[in-house]
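The values are calculated or read from the model by the stated rules, or taken from the named source; none is laboratory data. Quick caveat: nothing in here was measured; it's all calculated off a predicted structure. Counting neighbours? That spans all protein chains shown, and the Cβs are built from the backbone with ideal geometry, glycine included.
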Amino acid sequence: MLLGYIRVSKSDGSQSLDLQRDALLAAGVAPDRIYEDLASGRQDARPGLEACLKALRPEDTLVVWKLDRLGRNLRHLVTLVETLYRREVALKVMTGQGAQIDTTTANGRLVFGIFAALAEFEAELIRERTRAGLAAARARGRHGGRPRKMTKAALRMAMAAMVDREANATEVARRLGIARTTLYLYLNGDGSPKALGQALLRRGADA
């Protein structure tokens, strides 16, 4: 059985699901088996995707228009498809950079295997940058007491560390010698800078 998932990032009417819906219908997905969300790709709460995943059964195929409609990032996408594979659910991507991914075929599984390898490579690079950044912070004497405020150098290292979704915010803050609350004053959970962080990055060199 074919089930489809479609998504646009904005719910203000400026984006339409029609193009994706028409493509899935043309691919043979029944109208009542198409699940949808109006949410940012980084937003965790996507009830349409959650309902779609619950509805999938062994030997079903999940059809999406593009890969970026499905995953928040490459690592999330790889994890999601690995979960589908364990559940004996296939994935078919209709267009875009992932158009050759069709895990019902040997070639499609090979292409996705390359994506998985790249995701692991990306994760290891992030871990290496995090370790190097924390070592640099310790070399500058930042392993002692907590500074009175966030510095640009510490902020950049925190951003590199927090990009990894498995990063522990408490541990990152401790390594950088700042309070966890200070970390979250400047950064979101995904490592992107908040208003204070953006303002700090725009300033001149650290004192």
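Does ALA51 fit the bill of being modelled with pLDDT of 90 or more, within 30 Å of GLY189 (Cα to Cα) and not assigned by TED's automatic domain parsing to the domain that holds GLU166?
yes
Considering only residues that are within 16 Å of LEU67 (Cα to Cα) and either over 22 Å from the mean Cα position of the chain (by Cα) or modelled with pLDDT under 90 (or both), which ones fall in segment 1-16?
Matches in segment 1-16: LEU3, VAL8, SER9.
Quick one: in segment 157-181, of everything that is touching a helix residue (DSSP H, G or I) at 6+ places or on another chain (Cβ under 6 Å) and basic (Lys, Arg), which residue is surrounded by the fewest Cβ atoms within 10 Å (Cβ to Cβ)?
The extreme case among them is ARG180.
Test of understanding: among LEU200, LEU185, which residue is aliphatic (A, V, I, L, M), outside any loop (DSSP other than H, G, I, E, B) and in contact with a strand residue (DSSP E or B) (Cβ under 9 Å, 6 or more places away or on another chain)?
Matching residue, one of LEU200, LEU185: LEU200.
Within segment 156-174, how many residues are outside any helix (DSSP H, G or I), of a type in the set (A, V, I, L, M) and over 11 Å from LEU187 (Cα atoms)?
Total satisfying the criteria: 1.
Which ones in segment 17-46 are out of contact with any strand residue (DSSP E or B) (no Cβ under 7 Å at 6 or more places or on another chain) and either within 23 Å of ARG87 (Cα to Cα) or modelled with pLDDT under 85 (or both)?
ALA30, ASP32, SER40, GLY41, ARG42, GLN43, ASP44, ALA45
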